[in-house]
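Visitor: Sharing a structure here in structure tokens format.
None of the figures in this text is laboratory data; all of them are computed from the coordinates on show. Keep in mind that what you see is a predicted model, and the values were worked out from it rather than measured. For neighbour counting, all protein chains shown are included, and Cβ atoms are generated from backbone atoms with ideal geometry for every residue, glycine included.
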Amino acid sequence: MSNIKLSPSQAGKLFAISERSIRRGIKSKGLPAVVHQGRYKIDFQDLLLWSEQLPNRQTKRDEFGLGQFVEKWKF
């Protein structure tokens, strides 16, 4: 279980996905998030699983985001 919690802007920067896309994922309930002190917080593991659902997200994550520094994602 991951204890790393990210804001939508942090998640977007790490995964090279727009903050708007992150917020759409939360709104559509595809990306789980909790509200803490009036702000969304996203569990890193949930973000990673969500990024696997569409090839475009995977590509952005792997080529331009955090994935460019990781040899292979392991679950």
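Visitor: Which of the residues that make up the stretch 31-75 are within 16 Å of Ile4 (Cα to Cα) and acidic (Asp, Glu)?
Guide: Selection gives Asp43, Asp46.
Visitor: Sticking with this structure for a sec: Run Lys27 past the list (1) in contact with a Gly (Cβ under 8 Å, 6 or more places away or on another chain); (2) farther than 14 Å from Leu6 by Cα and report the number of the one that doesn't hold.
Guide: (1)
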